[in-house]
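The values are calculated or read from the model by the stated rules, or taken from the named source; none is laboratory data. Just so it is clear, the model here is predicted, and its values are computed rather than measured. Cβ sites come from the backbone with ideal geometry, for glycine too, and all protein chains shown count toward neighbours. The protein model used for the area step is the full one, side chains on, heavy atoms only, and it has no ligands, DNA or RNA in it. Shrake-Rupley method; radii C 1.70, N 1.55, O 1.52, S 1.80 Å.
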Amino acid sequence: MIGIIDYDAGNLKSVQKALAYLGKEAVVTRDPQMIMASESVILPGVGSFGDAMNNLKRFGLIDVIRDYTASQKPFLGICLGLQLLFESSEESPGVPGLGLLPGRILRIPEGEGRKIPHMGWNSLDICPGKRLFQGIPQGSYVYFVHSYYLKASDESIVAAQTEYGVPIHASVEKNNIFACQFHPEKSSEVGLEILRNFAALTESK
């Protein structure tokens, strides 16, 4: 079973529906025992970095996420869920993130013809050998909705990049922790294949 963490951040049901389409059982929950018992866990989300961290704290989920990722079972952050894994965000100065991975979340810079938030399809420059992107062709397009982007401190964890005025670290992978700034659940067949690869991480153990 795949656990989808519920912290009032939206976009949960679309992830659950995409997994159901793939034949994967997924439950939306904020129950610590159910999360810890899940074979893998997804932290989706849209909204404000600061509000999301406050919600995780309010629901007692920060330690649960730390304990789960320490268990070495597969964990996937999506969109805001990626951003929360890092140390801080320009969106919410003074609010620490989970700090599970090194890096900062920065605002996409203004530029001529560049709309913010960035909403739409961008191609990926995929780093070789990354488990989440097995079978995904180089240059595949995925769907983004965001105003802030990741600049990872350790570029060895970057699994895929894109460009939108600045280089954007669009996906990361370190041990059992995976994350995507884009929405695989809204990225057609490519996104479904990424979710299928994530689900297979548990099945291959």
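Overall, the anisotropy analysis places the range 3-74 in the oblate class: the square-rooted eigenvalues a ≥ b ≥ c of its C-alpha gyration tensor yield a/c not less than 1.5, with a/b not exceeding b/c. For the pair E163/I116, report the inter-label distance in nm, with labels modelled 7 Å from Cα in the Cβ direction. Placing both labels 7 Å along Cα→Cβ, they lie 2.0 nm apart. How fast does the range 72-127 diffuse by Stokes-Einstein, in µm²/s, taking the Kirkwood radius from C-alpha pairs at 37 °C and 0.692 mPa s? My calculation gives 246 µm²/s for D.
Summing Lys and Arg as +1 and Asp and Glu as -1 over all other residues whose Cβ lies under 11 Å from the Cβ of I105 gives a net charge of 0. Looking at the chain, what % of its DSSP beta bridges pair antiparallel, to the nearest 5? Taking every DSSP beta bridge within the chain, about 60 percent pair in antiparallel fashion.
The accessible area of K186, taken with all protein chains in place and a 1.4 Å probe, comes to roughly 90 Å². Cα-based values for the range 147-205, radius of gyration first and Dmax second, are 12.4, 40 Å.
For I168, the amide hydrogen comes within under 5 Å of the amide hydrogens of T162, E163, counting only partners 5 or more places away or on other chains and with H modelled in the peptide plane. Using just its DSSP H runs of length 4 or more, each adding -39500 (n - 2.57), the chain gives a mean residue ellipticity at 222 nm of -8000 deg cm²/dmol after division by all residues.
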